[in-house]
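Working notes for the structure below.
Any read-out appearing in this document is the output of simple, stated calculations on the displayed coordinates, not a laboratory observation. Since this is a predicted model, take the numbers as computed values, not measurements. We place every Cβ from the backbone using ideal geometry, glycine too, and count neighbours over all the protein chains shown.
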Amino acid sequence: MSRVLITGSTDGLGLLAGQLLAADGHAVTLHARTDARADDARAALPAAEGVVVGDLSTIAGMRAVAAQAEDAGRFDAVVHNAAVGYQELQRVETGDGLAHVFAVNVLAPYLLTALLTPPDRLVYLSSGMHRGGDPALDDLQWTRRRWNGSQAYADSKLWDAVLSAAVARRRPDVLANSVDPGWVATRMGGPGASDDLAQGPVTQAWLAVSDGDEARTSGGHWYHRARRATHPAVSDVAVQDGLLAACAELSGVPLP
């Protein structure tokens, strides 16, 4: 049995992955943005070991989630699933002065990775859209560029894949991988999504707990349990280190 924390798991792919893992006998801790959503998560997965609560759009909320997770004891795996999509029609700024998409999709998994006792495995949810991401590091918060919600989302998913590769390189004793779950009909993906929803949560759950040889590798990018090529920036050490430095400066916490 493995203990697994899944962020952004009150519905959608996060909840589906939790249900798969719980059905196989693993101890799953869910994450909700609010207490009301935590009640929804408990109702959707009564077998969950626990629910941590915090708004991952704020640094204080990220820290609160990390503190609750640490209090619950070390996890064998963490699945960084929480994300916001590409529907924001204008740049939304958080209380910390960050672009909302970057805060939730990139800084939150970075800071949780930095603050939590390292698990054996880390899984970061990326997207096929990451291949259209812009690897430039000079305007991560979209303060100079004209806002484009689709591009901001693609950038964030590129940074998730970069973060995963950076962690795999920096922590050779941890299995770190990124996942493209496909375009599936969740609340984020929308009803027109064309991929298989049943397959959407499978790869991240498999990477989190499987004893199979392929699942016990690091530094990969996966789609439906098969390795996929990434944007060239993902394997660029200078880009990796640049992202880590930017996130350390924004959060005040370097990656140990």
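Calculated [222 nm] ellipticity per residue, helices only, for the chain: -11000 deg cm²/dmol; basis is -39500 (n - 2.57) per DSSP H run with n ≥ 4, divided by all residues, nearest 500. Calculated FRET efficiency, Arg228 to Ser150, Cβ-Cβ distance, R0 = 30 Å: about 0.90 to the nearest 0.05.
Ranked by the mean number of other Cβ atoms within 10 Å of their residues, highest first, the peptides 70-77, 139-146, 217-224, 164-171 fall in the order 164-171, 217-224, 70-77, 139-146. Projecting label points 7 angstrom from Cα along Cα→Cβ for Ala64 and Asp211 puts them 4.0 nm apart.
According to the calculation over all Cα-Cα pairs in region 35-75, the P(r) per 10 Å bin from zero is 30, 48, 22 %. Within the shell of other residues whose beta carbon sits under 10 angstrom from the beta carbon of Val179, the net charge comes to 0, with Lys and Arg scored +1 and Asp and Glu -1.
Overall, the anisotropy analysis places the chain in the rounded class: the square-rooted eigenvalues a ≥ b ≥ c of its C-alpha gyration tensor yield a/c less than 1.5.
Near Leu175, the amide H atoms lying under 5 Å from its own belong to Arg121, Leu122; only residues 5 or more places off or on other chains count, and H is placed 1.01 Å from N. Projecting the Cα atoms of His80, Pro46, Ala66 onto the charge dipole of region 12-93, computed from C-beta unit charges around the Cα centre, puts His80 farthest toward the positive end. Just the number, please: percent antiparallel of the DSSP beta bridges in the chain, rounded to the nearest 5. In the chain, DSSP labels about 10 percent of beta bridges as antiparallel.
Taking the Cα centre of region 3-251 as reference, the dipole from Cβ charges on Lys and Arg (+1) and Asp and Glu (-1) amounts to some 300 debye. Here the Debye sum runs over all C-alpha atoms of region 1-141 as equal scatterers in vacuum, and log10 of I(q)/I(0) at q = 0.10, 0.12, 0.13, 0.18 Å⁻¹ comes out as -0.33, -0.47, -0.55, -1.02. The alpha-carbon atoms of region 7-68 define a convex hull whose volume equals 67 cubic angstrom per residue.
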